[in-house]
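The values are calculated or read from the model by the stated rules, or taken from the named source; none is laboratory data. These numbers were taken from a predicted model, which means no experiment stands behind them. We place every Cβ from the backbone using ideal geometry, glycine too, and count neighbours over all the protein chains shown. Surface areas here come from the heavy atoms of the whole protein model, side chains and all, with no ligands, DNA or RNA. Shrake-Rupley method; radii C 1.70, N 1.55, O 1.52, S 1.80 Å.
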Amino acid sequence: MESFLDFLFQLADIKIEQINKKGFVTAGHNGPYYDAETPIRNSAHWIIIFSYLLNKTDEKKYLDAIQILAEYLYENRTKEGVEAFYCRDKKGKDHVNGTIGQAWAIEGLVKASEVLKDDKYYDLAVKVFKQHIFSKKYNVWNRIEVDGTELGFDNTYNHQLWLAAAGAEIINYRNEPQIRDEITSFLNASEKTGLFNVSRNGIVKHFAYIPDTTRHKMEYFKRELLDTAHQILHKPSMRYKEEGYHYFNMYGFAILKQIFPGHSFFSSKKFQRALRYTLDFNNLNVLETRDSKSDVTQLATKFNASCNIYSYGYNSPAFELPFIVNKFCPEGYNEEWFNKMWNLQLKYTMADKGHPLSKNTEDVDTLCARIYELIRVVE
């Protein structure tokens with residue numbers, strides 16, 4: 001733990017200097033995707049990191065940093081009748097980064113209200129969440145562009161999951177019946193319909209099954225059948241990407257488990273299969289051994305990484321597993337195990353002290369900000 005804290009204090013000082021000059025934290029580009037992002041995401045992540053350091057030390061510099069970043073978020077949402085954040089600028093993609101871009105902002109806003117004792121940030125978080133139209137038929141949320149345009153459902157499951165998790169943070173702060181009901185419906189559908197799926201060995205499937213049209217329904221099954229065939233024939237498939245995202249998905253479920261501990265979803269066969277895969281730590285080995293050519297998107301072949309490009313350099317299991325284990329298998333969690341995971345992160349991504357977490361990653365700024373995932377287990 002001391003190694004982690006020393007690293008965090010040093011990195012925080014660098015970020016505070018940056019914040020004092022710019023008023024925000026430098027944006028990344030969504031890891032290996034190279035989607036140009038605004039500072040919204042990383043600024044929201046750092047609010048959570050600074051809140052931990054403030055609680056740990058009571059030093060005013062951390063409180064000041066939170067105040068600056070909270071105001072940055074508050075002043076930089078769209079204000080034309082739409083409560084949303086401009087999160088990315090990539091041709092052919094929306095500006096809100098699906099439902100997940102808004103979810104990350106919500107997390108930071110809720111924490112800001114908690115620390116600063118100012119509900120204006122919380123109230124904005126609620127407005128941003130409720131801006132998303134929830135389908136009672138399919139039990140998922142619609143994307144809303146920054147100009148108010150409805151963009152249809154976000155069919156990436158982890159995007160829907162993360163909005164649900166952000167909503168859980170909202171109702172953990174103060175109950176919002178509408179949000180609680182929507183999350184409950186999302187979990188019900190994830191358990192009882194094909195919305196949420198896992199592979200035979202338990203890896204969470206990347207795409208949500210949302211049969212809103214016959215065409216979308218057929219596209220989903222065609223894609224899944226083709227992908228299964230590719231895996232059997234050892235051709236490039238979604239498996240590489242799904243392995244890299246698995247722990248990120250399970251982290252989102254761990255957040256929901258805190259607020260909905262008795263929901264039957266967590267006892268379902270699908271979820272238990274995913275959990276067994278997660279808690280078998282031998283499965284981490286695949287993240288450092290699978291050939292990048294097996295990535296069906298071919299994104300992995302563009303970079304010279306010694307591990308799965310979606311894992312330690314982006315969705316790091318070293319950041320995510322401690323909290324997952326703490327929530328689903330608390331008897332297996334201790335500080336020694338935490339240190340082992342942190343050292344694994346350093347092994348894969350630490351270049352030298354002057355370039356923290358810059359090895360095997362395409363986005364140092366975002367990777368460093370994602371240390372915020374560890375805060376839930378250490379605070």
### Query
With point charges of +1 on the Cβ of Lys and Arg and -1 on the Cβ of Asp and Glu, referenced to the Cα centre of the chain, which listed residue (Thr361, Gln231, Phe328) lies farthest in the positive direction of the dipole?
Gln231
#### Entry: Percentage relative contact order, region 17-110, counting C-alpha pairs under 8 Å, at least six apart
30 percent
### Task
Grab the beta carbon distance between Glu17 and Gln178, set R0 = 41 Å, and tell me the FRET efficiency rounded to 0.05.
0.50
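Which helices, taking whole DSSP H runs in the chain, have alpha carbons extending 20 angstrom or more along the helix axis plus mean Kyte-Doolittle at least -0.5?
Flagged H segments are 2-22, 40-57, 60-75, 98-116, 157-173.
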### Task
Using 0.36 nm per residue of separation minus the Cα-Cα distance, give me the extension gain between Glu59 and Ala36 in nm, one decimal.
5.0 nm
### Query
In region 58-95, which GluC sites (Glu not before Pro) are in a loop and have at most 15 other Cβ atoms within 10 Å, using DSSP for the loop call?
Glu59, Glu80
### Query
Across every pair of different alpha-carbon atoms, what Kirkwood hydrodynamic radius in Å does the chain reach?
21.0 Å
### With at most 14 neighbouring Cβ atoms within 10 Å, loop trypsin sites (Lys or Arg not before Pro) (DSSP) excluded, longest segment of the chain
201-352
### Query
Got a sec? Which residues in region 49-91 would a label at Asp123 touch, if it sits 7 Å along Cα→Cβ and we count backbone N under 18 Å?
70-84
#### Entry: Largest to smallest principal axis extent of the C-alpha atoms in region 150-269, angstrom
50, 30, 23
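Run the numbers for Ile133 and Lys235: contour at 0.36 nm per residue of separation, minus the present Cα-Cα distance, in nm.
32.9 nm
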### Task
Within region 1-65, list the chymotrypsin sites (Phe, Trp or Tyr not before Pro) lying in a DSSP loop whose Cβ has at most 16 other Cβ atoms in a 10 Å radius.
Tyr34
### Query
At a 1.4 Å probe, what is the % contribution of carbon and sulfur to the accessible area of region 26-121?
48 percent
### Query
Where the centroid of each part is defined by its Cα atoms, how far is region 183-242 from region 76-121 in Å?
28 Å
## Note on the structure
Stretched fully, the stretch from Ala351 through Ser267 gains (0.36 nm per residue minus C-alpha distance, one decimal, in nm) 26.1 nm
### Pair Asn334, Arg200: separation of 7 Å Cα→Cβ label points (nm)
3.7 nm
### Task
Kindly flag which residue pairs out of Lys136/Lys205; Lys60/Lys127; Lys22/Lys90 have an alpha-carbon separation exceeding 26 Å in this structure.
Lys60/Lys127
### Query
Once every DSSP H run of n ≥ 4 in the chain is given -39500 (n - 2.57) and the sum is divided by its residues, what mean residue ellipticity at 222 nm do you get, rounded to the nearest 500 deg cm²/dmol?
-18500 deg cm²/dmol
### Task
Sort Thr278, Thr78 from largest to smallest accessible area, using a 1.4 Å probe on the heavy atoms of the protein chains.
Thr78, Thr278
